[in-house]
Every structure is written in C-alpha cells, then in structure tokens.
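The values are calculated or read from the model by the stated rules, or taken from the named source; none is laboratory data. Being a predicted model, the structure only gives us computed values, none of them experimental. All Cβ positions, even for glycine, are placed from backbone atoms using ideal geometry, and neighbour counts span all protein chains on display.
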C-alpha cells in the first residue's frame, strides 16, 4: 500500500521608557492601519455604487475611467498599509508547486494550502510576506479549468504520485494523495487548465 506523510540603561526608571514608546508606536500604527482599511472599504463601496449608476445610465466610457482611477487609488492605499505594517505584498503565477512572483523569484506554496484550494497551474496568487518572515498566500485569479478522470500511479524514477489520463501523465501533490488515502490504481478526478498543456494537476477526489 502506498501512502504519503505530511510534513511542517542603568536606571530602572529609564529601562521602562523604550517599552512605553514602543507600545505607543504600535498603538498609533494600529490606529492608522484601521483608518486606512476603513477608508479603503468606503472607497470600494462608493466606487461600486458610482460605477453601477453610470452603467445603468449607459455611460460605459465614464464607468471604465472611474474604475481605472479607483484601481490606481486602491494600489496607493495598499502601499501605505504595506509600509506601516512592515509587510511586503507580491503577486505571481502558480506553477504546480510554487508561485513565480512578479520579481522573478520562486516562492514555495505549502502543499496543504495548494491541495485544499485545488490550485491549478496558471492560477494568480497574492503573497503577503509578514514582518516575521511568514508567508501568507491567497488565490486571487483562478484560471479556467476542466475535469479529467484518470488512474493514480507512482512515477518509477521519482517515486512520486502521478495520474495517468490516456496518453497524458500529470504530477499531483503528495499531500493531496495522502489526504484521500489514495493507492495506485484508484480512480482520480483531476483539474487542469482548460487551454494548453500542463505538467501538474489538482486532485478533486479519489475513488477507491
């Protein structure tokens, strides 16, 4: 039976002053972040209402221009939030295992997240690199996908799971196969990009 495991300074009176200042700075930054977040939400609400009104009036050109202006303003606000929080935000494309960022770097995506979200090659992701180094991924642009049915197998060279669909062979994440307790020979429903070829597929379900 084939299974996969999941991985993973002198005076005391003066000593207190830096802590007090630090907490005050954190509180101040927290208040600023809150105000910026509220500002962003209000912008979204007001902009959407205005665009809907313009579209209902048949003014598509003005609606489009308004959306372009809104996106530009939103990016500026996001940049302010990023500076205050110390976080760094990147967008990129999922390649089956990792996100290829706009900076050209490859960022590993946790298999558990990729499996749970059923990420497919070509999906657009957002990566938030937090001040403590933690990476948080979010799927923001799913690519169009299609379902295929195949058979679970093991690649002889790598000993990693694959799914055979006719003449095509797709790599799948070991964490997903472990979750479904898949064994070679099981029927697998996979998700792949609807257009073009790919090396990786997302497992939707496995039938024993």
Being exposed (fewer than 15 other Cβ atoms within 10 Å of the Cβ) and assigned to a strand (DSSP E or B) is the requirement here; does residue 126 meet it?
no
Set 188, 177, 120: member being buried (at least 17 other Cβ atoms within 10 Å of the Cβ) and assigned to a strand (DSSP E or B)
188
Quick check on residue 148: is it in contact with a helix residue (DSSP H, G or I) (Cβ under 9 Å, 6 or more places away or on another chain), at pLDDT 95 or above and either surrounded by 12 or more Cβ atoms within 10 Å (Cβ to Cβ) or assigned to a loop (DSSP other than H, G, I, E, B) (or both)?
no
